[in-house]
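The values are calculated or read from the model by the stated rules, or taken from the named source; none is laboratory data. Being a predicted model, the structure only gives us computed values, none of them experimental. Don't worry about glycine lacking a Cβ; one is built from the backbone with ideal geometry, like all the others, and counts go over all protein chains shown. Heads up: the accessible areas ignore ligands, DNA and RNA and are worked out on the full protein's heavy atoms, side chains in. Shrake-Rupley method; radii C 1.70, N 1.55, O 1.52, S 1.80 Å.
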Amino acid sequence: MRKLAEAVAPALEAALSGVGVGGEAWADLLGPATVEQHGDLALPCHPLAGVLRRSPKDIADEVASVLAPSLSDVAEVSSVSGFVNMRAKPSWLAAQMMGLLPDDRLGITVERTRTVAVDYSAPNVAKEMHVGHLRSTVIGDAIVRMLGHKGHIVYRENHVGDWGTPFGMLIEHLLDLSEANAAAELSVGDLDGFYKQARVKFNSDETFVARSRNRVVLLQSGDEETLRLWRILVDESMRYFNEVYGMLGVLLTDGDIMGESNYHHLLPVVVERLRAQGMLEESAGAQVVYPGGWVNREGEPMPLIIEKADGAYNYATTDLACIIDRVERLDCDDLLYVVGTPQSQHFKMVFQVAEQAGFMGDAHNAVHVNFGSVMDSDGKILKSREGEVIKLVDLLREATSRAEQAIAEKNPELQGTEREAVARMIGIGSVKYADLSTERSKDYVFDWDRMLAFEGNTSPYLQYAHARICSIFRRSGIERSSARDASITLAQPEEALLARRLVNFAAVTDDTLASYSPHTLCTYLHSLASSFASFYEVCPVIAAGDDATRDSRLALCDLTARTICTGLELLGIDSPERM
Ligand code: ARG
């Protein structure tokens, strides 16, 4: 309850200085009440007991008695076993609601203070995008939307894997298939088949290996014909990735592609700068850096390999080049990497070396926004029935067709193109929400029935709450916008509870962004929708006894719908008006 904390701060400061606690020493103590029934905020007086040589209960009693009259318009104050508890008054909450009504941003402030690069999605050319890329795409997109909404400058960086030694083999395979056949195979998304066939030949055919090696050299040296063939691989793969992005409705465009190949020219610069810093060492012919603090299983110090003995650069080298580019060309403050947890050590080492080498300084904030794996219900990594990597387009199509079935059962009146559109919003929304609502560092279980359920912490549940409110307005014959002039009264506890949730939206959004944890926003939206359900159960809206109550409740409905809709939008999920 950040709003309430701000409202009580001056009175609290005065009351505490009255008992001899100066400055803002108390500010860190103030927090949400652990037991919801006790209030919204609590100040434990136990840590003050030592300095003041009084019992916590004694301090809490005195502070509460001074505080109560000065907060009479804001909160109920009580002293319970050494805690000062504060509970927002319905009248104060009502005033907050009326402040939010005309506000399109629902209390979310614009900060415009940071420049942020968000590295996300990053599939690999000529390889199927796997569910890990789906997670990166969905989580990254939500973070990008929230940062943008706060007014920050955001660079979406799709660090596509489009360079490196496998491309020799992939290009030779392309030639074997003929360009046209290869392009056809890739563009329909049979990326995995393509990659595997190339691998099989590479593992069994020596002349193919020799051709592939030779091709890598041609690629690295900028041979035009080789680059043309390479472009076919990249373009056809991107065509497939774009189909997935289109289905997902994410913000990524071709303009956001910053594949590994874009950093090629900076790789020698990385080497030079590391050498100039005296950080580069030779190890078995390779150029490496020892960041310190990392040992392998044998207890030997672990290096970051910068340039291999054959002159090839590494994944880490490209990431160091990326840091130089994002810091120096884009002038970023924050560098976010939405990448799976298995790459944790890679990023820790890369960040460490980048700091040691002065590629970034104290003003820069590099964060590995890591995430866990997607599992099936048996706790194994999600695969298709045949044990293959799941094709994302198939997965997303299935989501939509399952959603369409659910709608056909629940709302048979919805037909034709509208039903299709709503099915897409619900199906895709479900997949995204299931991913976003799990704490990202945890693995999550992909479970169709659970993610598409209309009950529980799911997107259909939130979308349904929103659609229900739209239907209340349709039936009332009252315009949404005119509900915003109402005077709000919170007579019923369910109305006050709903308002208590609504007032928190802006603070929750900020908290979500501070930890790059979309699940925080999801948990909040679910609790908001649940308190709306309780409200609607006991508080008739259209059939309220009098016009003033009806208008007050319609205004609460409007705020709830807008909060759900904005919240879902920040997560990249649509809110249909009927479903
Ligand atoms: N292409 C990589 C993969 O599929 C992810 C790249 C992540 N971004 C980065 N800057 N390293 O694992």
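Key figures for this structure:
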| item | result |
| --- | --- |
| Failed item, numbered, when residue 208 is tested on (1) at pLDDT 95 or above; (2) open to solvent by less than 10 Å² (accessible area, probe 1.4 Å); (3) touching a Gly at 6+ places or on another chain (Cβ under 6 Å) | (3) |
| Residue list for the range 427-454, restricted to those being among the polar types (S, T, N, Q) and within 13 Å of residue 522 (Cβ to Cβ) | 430, 437, 438 |
| Cβ-Cβ under 6 Å pairs, at least 6 apart or on other chains, the range 507-531 side surrounded by 23 or more Cβ atoms within 10 Å (Cβ to Cβ), far side of a type outside the set (Val, Ile, Thr) and modelled with pLDDT under 95 | none |
| Residue ranges of strands (runs of 3 or more DSSP E) in the range 30-142 with at least 2 members surrounded by 23 or more Cβ atoms within 10 Å (Cβ to Cβ), modelled with pLDDT of 95 or more and under 27 Å from the mean Cα position of the chain (by Cα) | 115-119 |
| Residue within the range 359-370 that is within 18 Å of residue 263 (Cβ to Cβ), in a strand (DSSP E or B) and within 14 Å of the ligand (Cβ to nearest atom) present | yes |
| Evaluation of residue 542 against (1) under 20 Å from residue 478 (Cβ atoms); (2) within 17 Å of the chain's Cα centre (by Cα); (3) open to solvent by 20 Å² or more (accessible area, probe 1.4 Å) (one fails), failing number | (2) |
| Enumeration of residues in the range 398-415 that are of a type outside the set (Asp, Glu), assigned to a helix (DSSP H, G or I) and touching a residue at least 12 places away in the same chain (Cβ under 8 Å) | 399, 400, 401, 402, 403, 406, 407, 410 |
| Count - residues of the range 437-470 that are open to solvent by 30 Å² or more (accessible area, probe 1.4 Å) and under 24 Å from residue 548 (Cα atoms) | 1 |
| Extreme residue, nearest to the chain's Cα centre (by Cα), among residues of the range 155-172 that are within 16 Å of the ligand (Cβ to nearest atom) and of a type in the set (A, V, I, L, M) | 160 |
| Selection count where residues are under 25 Å from residue 451 (Cβ atoms) and either more than 12 Å from the chain's Cα centre (by Cα) or assigned to a helix (DSSP H, G or I) (or both), scope the range 495-528 | 18 |
| Qualifying residues in the range 288-324 (those that are within 11 Å of the ligand (Cβ to nearest atom) and among the aliphatic types (A, V, I, L, M)) - the one surrounded by the most Cβ atoms within 10 Å (Cβ to Cβ) | 320 |
| Tally, over the range 326-351, of residues that are more than 11 Å from the ligand (Cβ to nearest atom) and either crowded, with 21+ Cβ neighbours inside 10 Å or in a helix (DSSP H, G or I) (or both) | 10 |
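Residues are listed down the side, and each one gets a yes or a no for (1) open to solvent by 40 Å² or more (accessible area, probe 1.4 Å); (2) at pLDDT 95 or above; (3) among the charged types (D, E, K, R); (4) assigned to a helix (DSSP H, G or I):
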{"position": "157", "(1), (2), (3), (4)": "no, yes, yes, no"}
{"position": "173", "(1), (2), (3), (4)": "no, yes, no, yes"}
{"position": "180", "(1), (2), (3), (4)": "yes, no, no, yes"}
{"position": "192", "(1), (2), (3), (4)": "no, no, yes, yes"}
{"position": "195", "(1), (2), (3), (4)": "no, no, no, yes"}
{"position": "199", "(1), (2), (3), (4)": "yes, no, yes, yes"}
